[in-house]
Structure formats: C-alpha cells, structure tokens
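What follows is a single structure, written as structure tokens, with notes after it.
Every number in this text was worked out from the coordinates using simple rules, so none of it is lab data. Keep in mind that this is a model prediction, so the values were computed, not measured. Here Cβ is always computed from backbone atoms with ideal geometry, including for glycine, and neighbour counts include all displayed protein chains.
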Amino acid sequence: MKINVHYSTQHLDELYFTGKTSVVIDVLRATSVIVTALTNGAREVIPVSTVDFAMKVSGNAFSGQTLLCGERNTKKIEGFVLGNSPLEFTQEVVNGRSIILYTTNGSKTVVKAKFSENLFAACFQNLPVVAKHLVTLNKDVEILCSGNNGNFSLEDTICAGKLAAEIVALYQETQLTDSSRASMVLAKSIGKNLFKMLKETEHGKLLIENGFDADIKECSLYGVKDVIPYFVSGSLKKLDLPENNSEITAS
C-alpha cells in the first residue's frame with residue numbers, strides 16, 4: 001500500500017485517476033460541507049465544476065427535493081439556496097434532499113477525479129474513519145489537495161499529512177512518496193493546534209475577513225464524524241459502515 005499526495009490537481013488529466021483509489025480534501029470548506037451534509041441526512045451531494053452546469057442540473061431536478069448550493073470567492077452565489085458554510089447544512093435544511101454543490105476548488109477536484117475506481121471525500125472531521133477504511137481496502141491511495149485556485153494550500157496539505165499518519169499508525173508497512181512524507185512533516189510540526197493553524201492560513205484569514213469565523217472552528221474539529229462520502233454514479237453518497245467494517249457499500 002502506497003500513499004501519494006498531490007498538492008494541486010492542476011497538472012493532472014482526468015484519465016490519470018482511472019482505476020485509482022483517491023481521496024479529495026478541501027478543508028476550507030467543500031469537503032467539510034460534504035461530510036456535514038451527509039451526516040445530517042442529505043440523500044447525496046452532486047459536485048459540479050461550473051456554475052452554468054449547476055444551474056442546468058438544478059433545472060432538470062425536482063425542486064422540492066434539491067438544493068442549489070455553493071460559493072464564489074467565499075460568498076454565496078446569487079440565486080443559490082445555500083453557500084459553502086458547513087453550519088448552513090443543518091438536518092432541518094438538508095435531510096432527505098439532494099445537494100448540488102459548486103465551489104471554487106473542492107467540487108472541481110471531485111469532478112476531475114471522477115474516473116477513480118474508489119473516490120472519497122475527507123476533512124479533519126472524518127479523517128480517522130477514512131483512514132481505517134483505506135487500510136481495509138489495502139490499495140494504493142492518491143490524496144488530492146484541492147488547493148487554492150491551483151496554488152498550494154497549507155490546510156489541505158496538513159490534512160493530507162494527518163490522513164497519511166493515521167494510515168501509517170494502522171499499517172506500518174505503508175509506503176510513502178516524497179510528497180506524502182513532506183505533508184506528514186508539516187502536519188507534525190504545525191498541525192497540533194488545528195484551530196490556530198486554520199486561522200493563520202491565507203484562506204482562513206480571507207474567511208475571517210468575510211465573516212466566517214465560526215466556520216474555522218467547525219472545520220478544525222477532528223474525528224467527530226463517522227461518515228465517508230463515496231462518489232458513485234455522479235454523486236457523493238454516504239457509505240454504510242457495518243459495526244465490524246468488514247463490508248462497506250454505498251447507501
């Protein structure tokens with residue numbers, strides 16, 4: 001089992017992911033939203049790579065059961081029901097509904113990796129359960145940092161490093177690429193206080209400037225959710241996790 005971390009996917013073609021096991025990370029805030037929405041009863045999250053496609057999909061959907069959600073440069077897009085704050089995706093709002101999600105970075109990364117054999121979404125909130133499942137699969141793993149408009153993202157890289165560390169703790173014979181080793185070093189050195197780290201990142205500061213202080217705290221919570229979003233047939237759905245985790249299937 002080998003772990004490889006990509007600090008951005010800008011240089012990768014969609015077909016690169018064919019047959020691979022991939023994990024998308026966008027801590028601030030897309031994958032935190034996805035995990036929260038599915039935890040709170042959303043039927044699915046449909047990631048899209050453009051606003052136009054989001055509008056098209058929502059136009060073809062049954063409106064009462066579908067919510068058009070997302071952001072551009074941290075702010076909710078005009079005409080959308082929700083933005084990209086995990087605190088908006090409460091059980092009262094999302095339970096039983098399909099979420100169409102467009103974000104500046106995270107949803108695009110999921111779409112790019114759509115040809116993966118196994119494709120999951122992770123954030124700090126569900127990292128331990130994702131690590132456990134990946135060890136159960138025992139396949140090479142591509143961890144994809146969504147980054148910030150194609151640039152390096154400290155918070156995503158630290159999350160990737162912590163995911164790699166969780167896997168190594170469970171399976172010590174895991175092989176690590178240089179990029180995964182580097183992400184683990186960053187996670188160990190400056191990832192001890194996640195709330196402090198997130199506040200000091202470029203994107204964290206931008207969120208605070210735009211009034212999303214509470215999102216920083218929410219996204220810093222570690223291991224508080226046992227939900228694994230799994231991409232199947234164009235959408236992310238919650239995996240059913242049996243008590244012994246010996247069999248895991250999409251619900």
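Name the residue from Ser146, Phe120, Tyr171 whose Cα lies farthest towards the positive end of the charge dipole of the chain, charges +1 on Cβ of Lys and Arg and -1 on Cβ of Asp and Glu. Checked the options; the winner is Ser146.
Largest GNM mean-square fluctuation across Asp52, Asp156, Asp240, computed for the chain with C-alpha springs under 10 Å, falls on Asp52.
Shown in residue order for region 183-191 are the 3J(HN,Hα) couplings computed by the Karplus curve 6.51 cos²θ - 1.76 cosθ + 1.60 at θ = phi - 60°: 5, 5, 4, 4, 4, 6, 7, 10, x Hz (x for Gly and Pro). Of the options (1) 18.4, 58; (2) 16.6, 50; (3) 19.8, 63, only one is Rg and Dmax of the Cα atoms in Å as computed from these coordinates, and that is (2).
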